[in-house]
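K.L.:
Please find one structure pasted underneath; my questions will follow.
The values are calculated or read from the model by the stated rules, or taken from the named source; none is laboratory data. Just so it is clear, the model here is predicted, and its values are computed rather than measured. All Cβ positions, glycine included, derive from the backbone under ideal geometry; neighbour counts span all protein chains shown. Ligands, DNA and RNA are stripped out before the accessible areas are found, and what is left, the full protein with its side chains, is counted by its heavy atoms. Shrake-Rupley method; radii C 1.70, N 1.55, O 1.52, S 1.80 Å.
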There are 2 protein chains.
Amino acid sequence: MGSEGIAYVTQPSRTARERIVAGAADMISRRGLNATSIRETAKHARAPLGSTYHYFPEGKQQLATEAVRYTGDLIARSLRKELEAGPVAGLRAFLGLWRKIVVDTDFRAGCPVLAVSIEEPPTDETPAALLAAAAVFEEWESLLAASLRDHGAEPEEAAQLATLIVAAVEGTVAMCRAKRSTQPLDRTAEQLQALILRLCR
Amino acid sequence: MGSEGIAYVTQPSRTARERIVAGAADMISRRGLNATSIRETAKHARAPLGSTYHYFPEGKQQLATEAVRYTGDLIARSLRKELEAGPVAGLRAFLGLWRKIVVDTDFRAGCPVLAVSIEEPPTDETPAALLAAAAVFEEWESLLAASLRDHGAEPEEAAQLATLIVAAVEGTVAMCRAKRSTQPLDRTAEQLQALILRLCR
DNA sequence: GCTAGACTATGACGGTCGTTATAGCCAGTG
DNA sequence: CACTGGCTATAACGACCGTCATAGTCTAGC
């Protein structure tokens, strides 16, 4: 312990609640939702177990939901800013964020939104964390699509390409973890960048 | 029970060992590796728990490894056949396989190879299941890349596009599960098909 | 100072996990 | 017929899980 968590750093200045959420996002991105226990989440955030149920009375589902939204907002904020310099710059920033997470954690962490997306819902109704994951994907896509439209792409084409970008990046991050190499990220980056350049005039 | 598992059907004609592997692949694709217990795997295959450790003496890791290879071979076999009709036909078959799994299971199942890829390795060395996942991705990519080269693509371009296709499909399946919709698959299919057509002359 | 409410500390509950051990069944071979 | 080896049945092991309850500590406002 102590040398591993770099991607979602838990600065001691933040409140205990924020540290728990950020730590949960990090752990979910590494091991998946089901393998992330509330006990370890609390320990990772140097918070007592009891506090977890104080801050998140609805239990694990609420914590997972907030962790998904936390990461979603983190990425969306950066993406929104970089997209001001155009879709290619936005893509580069998007890829760069994930590359940093994957490399900094020695291919151990990935995307918690993806991790939550591939867990089977229990029985009948859709859990809140899965709904949050869908909303995060939607937001990332719409940010990219808007930028593509602003740079001359047809709306339908822009929507398609935005979906492709998000899906490809998520899949590529997973492939990098399996192969313990950033080569998939390099290849995907090349192809997606060419695709944007071709579409925006 | 009885009306849910359609994607990786467990025909009673197969041996108990095969049923356990196929069932494990299905369960991993739904809930992830860590949330798939050997007990439930055995129950799902109508095999006693003791038999699991008889057939797979190395325990859960061995079962997971074989489940990954099982799915990898299943997809690779179909992909190889359809690619004889060209890369576009291959892409269509690839997408169709995943679409069927996602739709038939009401967005509950996905790709077990992806699920294994995003689980953090325990401590020091890479687990066998993760190595198997990397090999499966590699095989799918090389099948696609070879077909693209055979139809006029430059080797480097072919490799890049093959990686993009595998990554995009894996990511898209996850997005479909989160959104409970096949729209991402439709969009990705459109973009990838256009990409192949543009590259192969 | 004192009290209310936010937070911590601690322990327990029933349950499932991976794995192992042991004893039994039941084909097929000699 | 005995017997051997593949497979089953059953129970147990320590460990961890999500959740809840309860009692204690701390701090802000009166």
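K.L.:
What translational diffusion coefficient, in µm²/s and rounded to a whole number, does the Stokes-Einstein relation yield for the protein assembly as shown at 20 °C and a viscosity of 1.002 mPa s, taking the hydrodynamic radius as the Kirkwood radius over Cα pairs?
P.N.:
Numbers: Rh = 21.4 Å.
The Stokes-Einstein estimate is 100 µm²/s.
K.L.:
Ignoring ligands, DNA and RNA and using a 1.4 Å probe, state the total buried accessible area between B and A in Å², rounded to the nearest 100.
P.N.:
Values: alone 10660 and 10670 Å², together 17080 Å².
Interface between B and A: roughly 4200 Å².
K.L.:
Return the Rg/Rh value of region A:67-199, two decimal places, where both radii are evaluated on C-alpha atoms and Rh is the Kirkwood radius.
P.N.:
0.97
K.L.:
Give a residue-ordered list of calculated ³J(HN,Hα) values for region B:123-134 (Karplus: 6.51 cos²θ - 1.76 cosθ + 1.60, θ = phi - 60°; whole Hz; x for Gly, Pro).
P.N.:
Result, ordered by residue: 9, 9, 8, 6, x, 4, 5, 5, 4, 5, 4, 4 Hz.
K.L.:
Hey, another quick one. Considering the dipole of the protein assembly as shown built from charges on the beta carbon (Lys and Arg +1, Asp and Glu -1) around the Cα centre, which of B:Gln193, A:Leu63, B:Trp140 is farthest to its positive end?
P.N.:
A:Leu63
K.L.:
Taking the Cα atoms only, what angle lies between the long axis of helix A:16-31 and the longest principal axis of chain A, rounded to 10 degrees?
P.N.:
Tilt of helix A:16-31: around 60 degrees.
K.L.:
I want the local charge near B:Arg180. Using Cβ-Cβ distances under 15 Å, sum +1 for each Lys or Arg and -1 for each Asp or Glu among the other residues.
P.N.:
On the way: positive: B:Arg30, B:Arg99, B:Arg108, B:Arg177, B:Lys179; negative: A:Glu119, A:Glu120, A:Asp124, A:Glu125, A:Glu138, B:Asp104, B:Asp106, B:Asp186.
Net charge around B:Arg180: -3.
K.L.:
Return the whole-Å distance between the Cα centroid of region A:129-201 and the Cα centroid of region A:48-70.
P.N.:
Comparing the Cα centres of region A:129-201 and region A:48-70, I get a distance of 30 Å.
K.L.:
Where does chain B land at 222 nm, in deg cm²/dmol rounded to the nearest 500, when only DSSP H runs of n ≥ 4 count, each adding -39500 (n - 2.57), divided by all residues? All intermediate terms of the calculation are to be shown ahead of the outcome.
P.N.:
On the way: 9 runs with 142 residues, N = 201.
Helix-only estimate at 222 nm: -23500 deg cm²/dmol.
K.L.:
Mean-square fluctuation check for chain A, GNM, Cα pairs under 10 Å: which of A:Arg69, A:Arg14, A:Arg92 is largest?
P.N.:
Top of the fluctuation ranking is A:Arg14.
K.L.:
Roll a 1.4 Å probe over the protein chains and send me the accessible area per residue for chain B in Å². Can you show the working numbers first?
P.N.:
On the way: 8540 Å² over 201 residues.
In whole numbers, chain B has 42 Å² accessible per residue.
K.L.:
Here is a further query. Taking the Cα atoms of region B:14-133 alone, what are Rg (to one decimal) and Dmax (as a whole number) in Å?
P.N.:
15.1, 46
K.L.:
Among the listed pairs A:Lys60/B:Lys179; A:Lys43/A:Lys100; A:Lys60/A:Lys179; B:Lys60/B:Lys179; B:Lys81/B:Lys179; A:Lys43/A:Lys179, which have their C-alpha atoms separated by more than 27 angstrom in this model?
P.N.:
Flagged as over cut-off: A:Lys60/A:Lys179; B:Lys60/B:Lys179; B:Lys81/B:Lys179; A:Lys43/A:Lys179.
K.L.:
Between helix A:60-83 and chain A, what is the angle of the helix's C-alpha long axis to the longest principal axis, kept within 0 to 90° and rounded to the nearest 10?
P.N.:
It works out to around 30 degrees.
K.L.:
Same structure again: If you roll a 1.4 angstrom probe over the protein chains with everything in place, what fraction of the accessible area of the protein assembly as shown belongs to carbon and sulfur, to the nearest %?
P.N.:
Answer for the protein assembly as shown: carbon and sulfur cover 51 percent of the accessible area.
K.L.:
Rounding to the nearest 10 and keeping the result within 0 to 90°, find how far the Cα-based axis of helix A:155-179 lies from the longest principal axis of chain A.
P.N.:
50 degrees
K.L.:
Given a 1.4 Å probe and heavy atoms of the protein chains only, how would you sort A:Asp106, A:Asp26, largest accessible area at the top?
P.N.:
From most accessible down to least: A:Asp106, A:Asp26.
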